[in-house]
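The values are calculated or read from the model by the stated rules, or taken from the named source; none is laboratory data. Values in this document were obtained by computation on a predicted structure and should not be read as measured data. Quick reminder, even Gly has a Cβ in these numbers, built from the backbone with ideal geometry, and neighbours come from all protein chains shown.
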Amino acid sequence: MKKTSKQGVAVSNKFESLLKLLGLPVCILFLLLSAGLFINDCGGESKSESLSLKDAVYGSPKAELSMEKPASDELFSGPALSVAPEVNPVPNTKVHEVRIDVTHSEVQVDSIVKFTAWAFGGTLPGPVLHVRQGDKVIFTMTNRSDQTIKLSPPMPHSIDFHAAMVNPADKYQQVIPGGTIKFEWNANYPGVFMYHCGTPAILQHMIYGMVGMTIVEPKEGYPTKVDREYALVQSELYLTKMKDGTYLADMEAARQKRATYVTFNGKPAQYVKNPLKAKPGERVRLYVLNAGPNGTSSFHVVGTLFDRVWMDGSPQNEMRGMQTVLLGSSNGAIVEFVVPEAGTYTFVDHEFADVELGAVGQIVAKPDEIASK
Amino acid sequence: MLVKKFWLAWVAILLTFSLVTISLAKDKPQRAKSIVSGSRGAVLLFVASLCPCTDAHRVMVDNLVEQTGPKGIKFYAVFSNLGETEERAEYFYRNIGWKMPYYLDSDGALASKYKATRTPQTVALSPQGKVLFTGPIDDANLYQGRVEHAYLQDALADIIAGKPVRAPEVPPLGGCWIVRDTTTVPCRLEK
């Protein structure tokens with residue numbers, strides 16, 4: 001044993017000498033490797049990021065302002081646009097010509113409440129814009145507030161696309177009543193993004209309805225296939241009743257964050273009265289945007305779990321097995337789930353005060369439901 | 001004894017009712033029937049109940065009212081758009097939190113007299129009614145809330161100091177249109 005021990009000590013001494021000899025270079029090599037890995041993970045571009053962003057385009061021509069009148073009465077146009085909850089497939093083109101005009105119009109919120117909204121494309125929320133990463137959007141907007149002077153005074157409006165990377169002072173500048181702005185931007189990042197009016201007081205423009213959703217599909221498409229998809233924009237309405245029975249948006253209530261309604265797609269509880277449809281066993285994708293302007297959303301579907309959640313709509317921000325998705329104001333997400341069996345699946349903002357104010361809807365799953373397009 | 005208690009109770013009820021009425025009236029914005037200048041002058045702020053462009057100047061105006069009021073400047077909000085009512089004015093005041101009196105310019109006389117075409121737009125008058133300044137409150141709407149030119153504040157400083165106003169006429173910077181006629185609306189490109 002002693003001998004063995006002496007031999008062991010001798011081996012150990014040789015190993016220590018070797019280590020001393022090699023120690024410094026090995027340590028330096030190890031440190032360099034670790035630093036390389038760290039930089040690659042935390043600060044540099046990962047392989048997938050560099051693949052997806054290699055065609056990113058920064059910069060675009062200056063926005064054009066004119067008094068050009070729209071050629072038709074249509075308040076929005078372009079195959080990339082749809083009215084939520086519908087989501088049109090991305091048109092098979094790399095360049096999307098899109099028009100969304102601003103108008104003031106009376107909107108029926110429920111069977112009793114009607115208010116004068118300021119609306120993108122005449123809809124509340126504005127139309128859903130669906131493009132693919134790497135595509136170019138050529139956007140035109142006419143401020144038609146000069147055509148509805150009996151409803152509210154003609155006023156400047158603008159648009160701020162969260163999906164775009166542009167100079168805000170140029171592309172998001174105010175457009176006078178009757179004026180038209182035209183500019184282009186490139187969809188560099190995949191995601192579910194907000195757009196809204198950026199003219200002061202922004203809060204006032206937003207509570208009058210000037211919000212909408214842009215979906216930028218990843219260049220390679222999503223990693224999953226779904227049977228059905230819907231767009232849901234959550235937003236708050238702050239209203240005050242006037243003596244003549246009409247309603248106006250209430251800035252003071254908005255500042256105090258006392259919502260009158262919290263809605264999916266502009267109307268409280270509309271999908272309880274007219275539920276969304278699905279078939280048992282189908283895989284459903286929801287594009288969810290919390291347009292706010294003030295509240296958070298704890299989005300949840302009763303009776304199922306989200307097996308994929310992509311925060312802000314990018315598959316690189318993946319979470320699995322989620323019961324609820326927390327969305328701050330202007331956050332988006334894609335949630336996917338399987339409808340396990342026939343039944344009624346209620347979706348809510350799980351902050352239940354918001355359910356009481358209308359943030360509730362249903363998906364009814366029936367075996368005989370017609371398959372989605 | 002019972003009669004005395006009865007009368008005392010009545011007096012207490014009446015007193016409470018009067019105090020509540022007075023305090024409610026105090027919170028309610030006061031409608032002015034005419035424009036009365038302060039010792040150094042008056043400021044007319046042309047606004048509209050549904051125009052979102054005034055909100056960015058909420059604090060600036062509040063501060064100016066507080067600072068220049070004791071120095072003899074009196075402020076009025078003027079509603080010149082068609083369809084403005086006391087109820088609409090009160091709605092606007094509830095949202096913006098101002099306390100100054102307002103004037104319902106129902107026939108648009110003030111708007112046409114002072115050539116006001118936008119909201120918000122301001123006119124500063126001398127005690128004799130002479131126009132000393134006309135223009136925007138400031139340029140906060142152009143720079144997402146950052147003020148580079150405090151036009152009205154500078155004009156009032158000059159007026160209070162008894163000096164000529166350094167920029168007596170500044171063109172409107174955007175804003176909502178004052179609509180007096182629903183059949184014709186001005187339409188031109190402006191920067």
| request: Run A:Ile176 past the list (1) over 30 Å from A:Arg308 (Cβ atoms); (2) in contact with a Ser or Thr (Cβ under 8 Å, 6 or more places away or on another chain) and report the number of the one that doesn't hold. | output: (2)
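Among B:Ala140, B:Ala150, which is the only one that is touching a helix residue (DSSP H, G or I) at 6+ places or on another chain (Cβ under 6 Å) and touching a residue at least 60 places away in the same chain (Cβ under 8 Å)?
Numbers: B:Ala150 fails: touching a helix residue (DSSP H, G or I) at 6+ places or on another chain (Cβ under 6 Å).
The conditions single out B:Ala140.
Test B:Ser80 against the stated conditions and say whether it is at pLDDT 95 or above and surrounded by fewer than 19 Cβ atoms within 10 Å (Cβ to Cβ). Before the answer, list the steps.
Values: at pLDDT 95 or above: yes; surrounded by fewer than 19 Cβ atoms within 10 Å (Cβ to Cβ): no.
No; evaluated as a whole, the condition is false for this residue.
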| Looking at region B:57-67, is at least one residue within 11 Å of chain A (Cβ to nearest Cβ) and either touching a Pro at 6+ places or on another chain (Cβ under 8 Å) or in contact (Cβ under 8 Å) with a residue 12 or more places away in the chain (or both)? | yes
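The rows are residues; the columns are (1) more than 23 Å from the chain's Cα centre (by Cα); (2) hydrophobic (A, V, I, L, M, F, W, C); (3) more than 14 Å from chain B (Cβ to nearest Cβ); (4) farther than 12 Å from A:Asp349 by Cα.
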{"residue": "A:Tyr247", "(1), (2), (3), (4)": "yes, no, no, yes"}
{"residue": "A:Met251", "(1), (2), (3), (4)": "yes, yes, no, yes"}
{"residue": "A:Lys257", "(1), (2), (3), (4)": "no, no, yes, yes"}
{"residue": "A:Lys277", "(1), (2), (3), (4)": "no, no, yes, yes"}
{"residue": "A:Leu286", "(1), (2), (3), (4)": "no, yes, yes, yes"}
{"residue": "A:Ala291", "(1), (2), (3), (4)": "no, yes, yes, yes"}
{"residue": "A:Thr296", "(1), (2), (3), (4)": "no, no, yes, no"}
| query | Which residue, of A:Gly209, A:Gly178, is buried (at least 24 other Cβ atoms within 10 Å of the Cβ), assigned to a loop (DSSP other than H, G, I, E, B) and in contact (Cβ under 8 Å) with a residue 60 or more places away in the chain? | reply | A:Gly209
| message | I need a count of the residues in region A:181-200 that are in a strand (DSSP E or B), within 14 Å of chain B (Cβ to nearest Cβ) and crowded, with 21+ Cβ neighbours inside 10 Å. | response | 2
| message | Given the criterion charged (D, E, K, R) and part of a loop (DSSP other than H, G, I, E, B), identify the matching residue among A:Glu106, A:Glu68. | response | A:Glu68
| query | Restricting the search to region A:163-180, which residues are within 10 Å of another protein chain (Cβ to nearest Cβ) and polar (S, T, N, Q)? | reply | A:Gln173, A:Gln174, A:Thr180
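Yes or no, residue by residue, for (1) surrounded by 23 or more Cβ atoms within 10 Å (Cβ to Cβ); (2) touching a helix residue (DSSP H, G or I) at 6+ places or on another chain (Cβ under 7 Å); (3) of a type outside the set (Phe, Trp, Tyr); (4) not assigned by TED's automatic domain parsing to the domain that holds A:Lys114:
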{"residue": "A:Lys241", "(1), (2), (3), (4)": "no, no, yes, yes"}
{"residue": "A:Arg258", "(1), (2), (3), (4)": "no, no, yes, yes"}
{"residue": "A:Tyr261", "(1), (2), (3), (4)": "no, no, no, yes"}
{"residue": "A:Lys267", "(1), (2), (3), (4)": "no, no, yes, yes"}
{"residue": "A:Leu276", "(1), (2), (3), (4)": "no, no, yes, yes"}
{"residue": "A:Arg285", "(1), (2), (3), (4)": "no, no, yes, yes"}
{"residue": "A:Asn290", "(1), (2), (3), (4)": "yes, no, yes, yes"}
{"residue": "A:Ser298", "(1), (2), (3), (4)": "no, no, yes, yes"}
| note | Given the conditions (1) surrounded by fewer than 16 Cβ atoms within 10 Å (Cβ to Cβ); (2) outside any loop (DSSP other than H, G, I, E, B); (3) away from chain A (no Cβ under 14 Å); (4) of a type in the set (A, V, I, L, M), every one holds for B:Val36 apart from (2)
| Flag for B:Tyr76 being over 21 Å from A:Trp118 (Cβ atoms) and away from every other protein chain (no Cβ under 13 Å) | yes
| request: Could you list, in sequence order, all residues of region B:86-123 that are more than 15 Å from the chain's Cα centre (by Cα) and closer than 10 Å to B:Ser49 by Cβ? | output: B:Glu87
| said: I want to confirm something. Restricting to region A:212-221 and keeping residues that are touching a residue at least 60 places away in the same chain (Cβ under 8 Å) and out of contact with any Lys or Arg (no Cβ under 6 Å at 6 or more places or on another chain), which single residue is nearest to the other protein chains (Cβ to nearest Cβ)? | reply: A:Gly212
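Just checking, how many residues over region A:71-103 are in a loop (DSSP other than H, G, I, E, B) and either out of contact with any helix residue (DSSP H, G or I) (no Cβ under 7 Å at 6 or more places or on another chain) or not acidic (Asp, Glu) (or both)? Outline the logic, then answer.
At the first step, the residues of region A:71-103 found to be in a loop (DSSP other than H, G, I, E, B) are A:71-75, A:78-80, A:83-94, A:101.
Restricting the remaining residues to those that are either out of contact with any helix residue (DSSP H, G or I) (no Cβ under 7 Å at 6 or more places or on another chain) or not acidic (Asp, Glu) (or both) gives A:71-75, A:78-80, A:83-94.
Looking only at that region, the number is 20.
Within region A:331-373, track down each residue that is hydroxyl-bearing (Ser, Thr, Tyr) and either touching a Phe, Trp or Tyr at 6+ places or on another chain (Cβ under 9 Å) or in the same structural domain as A:Leu289 (by TED's automatic domain parsing) (or both). Please lay out each step first, then the result.
Within region A:331-373, the first condition is being hydroxyl-bearing (Ser, Thr, Tyr), and the residues that meet it are A:344-346, A:372.
Selection gives A:Thr344, A:Tyr345, A:Thr346.
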| The lone exception for A:Thr224 - which of (1) within 14 Å of chain B (Cβ to nearest Cβ); (2) within 19 Å of the chain's Cα centre (by Cα) it fails | (1)
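Would you check if there is a residue in region B:133-153 being among the β-branched types (Val, Ile, Thr) and modelled with pLDDT of 95 or more? Even if it seems obvious, please write down each step before you answer.
So in region B:133-153, the residues among the β-branched types (Val, Ile, Thr) come out as B:134, B:137, B:147.
Those still in the list that are modelled with pLDDT of 95 or more too: B:134, B:137.
Yes: region B:133-153 contains one or more residues that are among the β-branched types (Val, Ile, Thr) and modelled with pLDDT of 95 or more.
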| Qualifying position, being closer than 30 Å to A:Ile363 by Cα and of a type outside the set (D, E, K, R), among A:Ala71, A:Ala56, A:Ala80, A:Ala63 | A:Ala80
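Could you tell me which of the residues B:Glu148, B:Glu84 is within 14 Å of chain A (Cβ to nearest Cβ), assigned to a loop (DSSP other than H, G, I, E, B) and over 24 Å from A:Glu252 (Cα atoms)?
Matching residue, one of B:Glu148, B:Glu84: B:Glu148.
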| task | Among the residues of region A:150-171, write down those that are surrounded by fewer than 21 Cβ atoms within 10 Å (Cβ to Cβ) and in a loop (DSSP other than H, G, I, E, B). | result | A:Lys150, A:Leu151, A:His162, A:Met165, A:Val166, A:Asn167
